[in-house]
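*Asks:* Have a look at this one before I ask anything.
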Amino acid sequence: MPRVLVIDDQADVRAMIAIVLRIHHFEIVEAAGAEAALRVFAESKFDLAIVDIFLQGTNGSDLIGAMRESVPDLPVVAISGMTALDFLSESPGLSNVACLQKPFRPNDLMRAIESARESVRPSSDTFAAAT
């Protein structure tokens with residue numbers, strides 16, 4: 001079962017994402033902020049991260065960069081309700097991040113996950129059984 005780290009400072013957004021992904025047979029770990037996310041990320045293996053770009057007090061793109069320092073091929077879906085995420089494609093090391101604008105529908109989330117997975121082409125086929 002693929003493990004997904006969901007990082008968003010809004011509990012209702014995390015809950016909605018968790019419900020959708022559990023229906024699709026993903027294991028979910030939630031984090032409300034960057035510090036908690038980095039702690040669980042260091043302690044465990046994840047197959048994907050869903051990261052809110054505008055976390056309270058933290059830049060989500062910095063968080064993505066920190067996670068990818070230890071796992072360069074980590075599939076990532078960046079989400080935001082504040083702005084378009086076009087700037088991520090111009091950021092070094094973040095060009096292959098799938099972007100999703102809030103609010104989004106469950107099918108949009110699943111398409112973004114597939115896009116993130118395909119953009120980094122991880123060596124395992126962990127997602128094949130789940131999607």
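Nothing in this text is a laboratory measurement; each read-out follows from the coordinates by a stated rule. Given the structure is predicted, the values throughout are model-derived calculations rather than measurements. Heads up, the Cβs are rebuilt from the backbone with ideal geometry, glycines too, and the neighbour counts pull from every protein chain shown.
*Asks:* If I take every Cα pair under 8 Å that is 6 or more residues apart in the stretch 20-86, average their sequence separation and divide by the length, what percent do I get for the relative contact order?
*Replies:* Numbers: 53 pairs, mean separation 20.3, N = 67.
Across the stretch 20-86, relative contact order equals 30 percent.
*Asks:* Using a ≥ b ≥ c from the Cα gyration tensor of the stretch 1-81 (square roots of the eigenvalues), is it rounded, prolate or oblate, where a/c under 1.5 gives rounded and otherwise the larger of a/b and b/c decides, a/b for prolate?
*Replies:* Details: a/c = 1.67, a/b = 1.11, b/c = 1.51.
It comes out oblate by the Cα gyration axes.
*Asks:* Continuing with the same structure: Count charges around residue 79 for me, please; just the other residues with Cβ under 12 Å from its Cβ, Lys/Arg as +1, Asp/Glu as -1. Kindly include the intermediate steps, with their values, before the conclusion.
*Replies:* Values: positive: 14, 102; negative: 8, 9, 52, 108.
Once all neighbours under 12 Å are counted, the net charge is -2.
*Asks:* When the Karplus curve 6.51 cos²θ - 1.76 cosθ + 1.60 is applied with θ = phi - 60°, which whole-Hz ³J(HN,Hα) does each residue of the stretch 52-63 get, with x for Gly and Pro?
*Replies:* Values per residue, Gly and Pro as x: 6, 6, 10, 6, 4, x, 9, 8, x, 5, 5, 5 Hz.
*Asks:* Continuing with this model, one more query. How much net charge surrounds residue 66 when only the other residues with a Cβ under 12 Å from the Cβ of residue 66 are counted, with Lys and Arg +1 and Asp and Glu -1? Don't skip to the answer; put the middle values down first.
*Replies:* Values: positive: 39, 68; negative: 35, 62, 69.
Result for the neighbourhood of residue 66: -1.
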